[in-house]
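Below: the structure, in structure tokens.
The values are calculated or read from the model by the stated rules, or taken from the named source; none is laboratory data. Since this is a predicted model, take the numbers as computed values, not measurements. Here the Cβ is made from the backbone with ideal geometry for all residues, glycine too, and neighbour counts use every protein chain on show. What goes into the accessible areas is simple: the full protein's heavy atoms, side chains included, and nothing from ligands, DNA or RNA. Shrake-Rupley method; radii C 1.70, N 1.55, O 1.52, S 1.80 Å.
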Amino acid sequence: MTPEADSGDAAAVWLLALGQTLLYAGSYYSFPALLPALEADLGWTKATFAAGPTLGFLIMAGLTLWSGRLVDRGFGGELLIWAPLMVAGGVLLLGLVRSPLGWNLGWAIIGVAQAACLYETCFAFLTRRLGGDAGAAITRVTLVAGFAGTLAFPLGHVLGQAFGGQGGMLVFAAMIAGIVVPMNAIAVARLRRKARAAGLARPADAPGALRRALAKPAFWAISGAVALIWLNHGILLTYVLVLFQDRGAGPALAATAAACVGPAQVAGRLALLMAGARISTATATLASLASVVMAGGLLWAAGAAMPLIFAFAVLQGAGAGLLSILRPVLVAETLGRDGFGAISGAVAIAPILASAAAPSVGAALLAMGGTPAVYAATWLMALAGLATAALLLRRV
């Protein structure tokens, strides 16, 4: 029996999955979910608000490789336990500040912490502890965490109306500190104990692994294609409520449609899981990118038929959701498991930088060309991502 098959390990993986769900809901999704209420609270421009997440993602990009190396050296558990507490502190600050300087400081704290406790660290920790069984565990984590947006948007709508945007941030901070930290601590202890009991070999840090990975076209295929989609997805997600209302949806309906992105992510991942060996990772990657391209076309067409925003949410969510689960699998299959933490962290730098740029790029597009500029630019990003993958993945 493999460590993953043991019920204790399964329980630990589900705890990590719930932890990732609440982390993403409370930090990544809380900003777009509360953006209208935050604007009402503080009266700042979208560009001023966007500077904070951009700073946070830039810091996260700069530290992701470092956190991956820490996982390779055996400190992944500590990162997963303590970094969420730091995330909670940053979100708490967002709920208290009254100046753009304080807003940016809160996001800087969040950026440092997110580099140490989101998907990259979680996946690298599972790969280190479970070896070949990590794929199933990663799938479980992403299946559950796909509901982060589903939780955040309706909850943000309710909290924003009840407590205002900053009051909503305080609730998200309490959720992270009070629930995620203890759940992750239990999960880490279980996984370490079960791995030791099973005598599972722990791969050592591999100093030359990253250099060898950088020489492979697959590295750049994954990094480039995912970066383009993450820029697309980050812009659309940050301003999804604005865009849906531009298409004719009221605030409540826009929040409902935005919440559909999460279930669509899960549905896409379940479809991939059911397909199993019948579909290669390369083919699945191209399919996920094509889904995002089609979603962009539907969002544009929703100007004439508003209900198409729901079709957009389904295709966008399914495509982005598939890509997030395929990325670590592609890294492991094409670049190897030696030094996985460092390699995975290096692959993540480009999409994290894209996520960093997304709020500010979106704000600039809205300022210069309004919503039509956003629709056109994000669709071209998706198309470029698909073309990049089609060109480079054939060489893998």
Item to complete: Could you tell me whether Leu105 is modelled with pLDDT of 95 or more and either basic (Lys, Arg) or open to solvent by less than 10 Å² (accessible area, probe 1.4 Å) (or both)?
Response: no
Worksheet item: If you check Arg98 against the conditions, is it farther than 15 Å from Ala348 by Cα, among the charged types (D, E, K, R) and out of contact with any Leu (no Cβ under 8 Å at 6 or more places or on another chain)?
Response: no
Discussion item. Please pick out the residue among Ala302, Ala387, Ala311 that is over 30 Å from Thr64 (Cα atoms) and without any contact (Cβ under 8 Å) to a residue 40 or more places away in the chain.
Written reply: Ala311
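Identify all residues within the range 135-154 that are farther than 24 Å from Gly336 by Cα and buried (at least 23 other Cβ atoms within 10 Å of the Cβ); write none if there are none. Even if it seems obvious, please write down each step before you answer.
Residues of the range 135-154 farther than 24 Å from Gly336 by Cα: 144-154.
Answer for the range 135-154, where residues must be farther than 24 Å from Gly336 by Cα and buried (at least 23 other Cβ atoms within 10 Å of the Cβ): Ala145, Gly146, Ala148, Gly149, Ala152, Phe153.
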Discussion item. Any residue that is surrounded by 24 or more Cβ atoms within 10 Å (Cβ to Cβ), in contact with a Phe, Trp or Tyr (Cβ under 8 Å, 6 or more places away or on another chain), over 18 Å from Gly262 (Cβ atoms) and polar (S, T, N, Q) - is there at least one of those in the range 120-127?
Written reply: yes
Practice prompt. Please work out if Gly167 is surrounded by fewer than 24 Cβ atoms within 10 Å (Cβ to Cβ), touching a residue at least 60 places away in the same chain (Cβ under 8 Å) and among the small types (Gly, Ala, Ser).
Written response: yes
Discussion item. Could you check the range 355-383 and list, in sequence order, the residues that are open to solvent by 40 Å² or more (accessible area, probe 1.4 Å) and within 24 Å of Ser324 (Cβ to Cβ)?
Written reply: Ser360, Val361, Trp379, Leu380, Leu383
Discussion item. Can you tell me which residue is most open to solvent (accessible area, probe 1.4 Å) among those in the range 304-353 that are assigned to a loop (DSSP other than H, G, I, E, B) and among the charged types (D, E, K, R)?
Written reply: Arg337
Worksheet, complete the sentence: Listed by range, helices (runs of 4 or more DSSP H) wholly within the range 43-152 having at least 2 residues that are free of Cβ contacts under 8 Å to residues at least 60 places away in the same chain and farther than 23 Å from Leu231 by Cβ are 76-94, 100-117
